[in-house]
Amino acid sequence: MAYPFAADPRPTVLIGGRGREFAPARPHSPVPKQELRGGTFVLARTGTRDAQGNVRSGLFDLPEIQSRPDLYGALAELERLIGLGELKTFVFELVAFVLVSERRRQMGLRVQPQSYHMVFSGSPGTGKTTAARLLGRVFAALGLLPRGHVVEVERADLVGEYIGHTAQRTRDAIQRAMGGILFIDEAYSLARGGERDFGREAIDTLVKAMEDHRERFLLILAGYEREMEEFLATNPGLPSRFPFRLRFPDYTVEELLAIADLFVEERDYRLAPGARAALERLIVREKRKFYPPFSNARFVRNVVEGAIRAHAARVLREGRMSPQDLTLLTVRDVEAWEGGFAGEGTNERGLRW
Ligand SMILES: Nc1ncnc2c1ncn2[C@@H]1O[C@H](COP(=O)(O)OP(=O)(O)OP(=O)(O)O)[C@@H](O)[C@H]1O
Ligand SMILES: [Mg+2]
């Protein structure tokens, strides 16, 4: 079997856990980023171990994956995300199912089309939107969806002001999502108003479209776990229409720090050891607060971006521009952010400068 990327001049992708890295058996990679450093190696689950005891990626070595750069790229990006074990397991099984279905079809065996509508449950910033975008790419690359784009809406985009208006707006949203994913954030709010609320009209329209266009669009409902459970319980026909439920648990402090490492690396910065410790203190403190709800990876992203702005102001002020100065985020940069955060009373979604 000839590997189509054997002549690819780009560097080998390294896949490894924190502190241990290794090159998979594949000679070259279509992924431009040099390193993959995910926290959970679910996609490598079928892998064997190399001499050092590191797991080699099973999925990434398959010629069926290597010959599809879109699929390979999406999987590599997914693997790079920290945690998200349930999502990775789902994708692993999905890819396996499609590959095996292709073999079965070649042998003249029956292949049943499946319905993939799903519910994502989790707190803010736990990767739900990111997951939907990646799933769209995976589904498109596998030929399960024609386009794989994601149309993200919430209650206000669907619910109208008079009878019939909501059905129309909902159908419009479905139309825009045709060939891809309709992602409804805080979907439970559609059932909040009770029987006479227009939200019901949106739900009924969605349920009908799920049946009518089964293979042309995918519906993902997202929201907090408890609210989503309550929402599904409002209508006995609903639970069975969503065969896949993926949970996005709150990240641990460790995972959030790993995500911070990923963010700074992507932006060509480094966290000084003291800065990482300061970030850890900040995370621990924010996680404990009852209100506003902790926004997980988004919180970390905002702190990192804030620290980067504080860093820029500092290096200009100090007139220090060596490569070391331009890349190192210090404890003061992280704490400058913290000062602004506390001082101006905005939440972490807000801008302070
Ligand atoms: N596991 C992860 N590894 C790396 N980055 C992550 C991870 N999870 C989330 N992020 C990043 O954190 C940010 C927030 O994630 P995302 O928008 O997907 O969360 P969400 O669950 O959709 O939040 P919300 O419920 O508030 O809409 C994004 O920049 C995303 O890239
Ligand atoms: Mg989101």
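Nothing in this text is a laboratory measurement; each read-out follows from the coordinates by a stated rule. Quick caveat: nothing in here was measured; it's all calculated off a predicted structure. As a convention, Cβ positions derive from the backbone with ideal geometry for all residues, glycine included, and neighbour counts pool all protein chains shown.
At the listed q of 0.13 Å⁻¹, the Debye profile of region 253-344, built from one uniform point per Cα, gives log10 I(q)/I(0) equal to -0.40.
What the phi angles of region 308-316 give under the Karplus curve with 6.51, -1.76 and 1.60, with θ = phi - 60°, is a coupling list of 5, 5, 5, 4, 4, 4, 5, 5, 5 Hz, glycine and proline written as x. Taking H placed 1.01 Å from N in the peptide plane, check which residues at least 5 places from R245 or on another chain put their amide H under 5 Å from its amide H. Placed amide hydrogens put V119 under 5 Å from R245. Taking amide H as placed 1.01 Å from N in the peptide plane, the amide H of I82 sits under 5 Å from that of G39, each at least 5 places away or on another chain.
Sort region 177-251 into rounded, prolate or oblate with this rule: let a ≥ b ≥ c be the square roots of the eigenvalues of the Cα gyration tensor; rounded if a/c is under 1.5, and if a/c is not under 1.5, prolate when a/b is larger than b/c, oblate otherwise.
Details: a/c = 1.67, a/b = 1.07, b/c = 1.56.
Taking the square roots of the gyration eigenvalues as a ≥ b ≥ c, region 177-251 is oblate.
Across region 250-255, computed HN-Hα scalar couplings (Karplus, 6.51 cos²θ - 1.76 cosθ + 1.60, θ = phi - 60°) run 4, 6, 6, 4, 4, 5 Hz from first to last residue, x flagging Gly and Pro.
Listed highest first by mean packing, meaning other Cβ atoms within 10 Å per residue, what order do 160-167, 119-126 come in? If you can, show how the numbers build up before the last one.
Numbers: 160-167: 13.0, 119-126: 22.5.
Put in order of decreasing packing, that is 119-126, 160-167.
The packing ranking, built from the mean of other Cβ atoms within 10 Å per residue, places the peptides 225-236, 242-253, 310-321, 177-188 in the order 177-188, 242-253, 225-236, 310-321, highest first.
Grab the Cα-Cα distance for R281 and E254, subtract it from 0.36 nm times how many residues apart they are, and report the gain in nm with one decimal.
Values: separation 27, 0.36 × 27 = 9.72 nm, distance 1.17 nm.
Extra length available between R281 and E254 comes to 8.5 nm.
Size check on region 134-239: the Cα extents along the three principal axes, sorted descending, read 41, 29, 22 Å. In this structure, the amide hydrogen of L328, modeled 1.01 Å from its nitrogen in the peptide plane, lies closer than 5 angstrom to those of R270, counting only residues at least 5 positions away or on a different chain.
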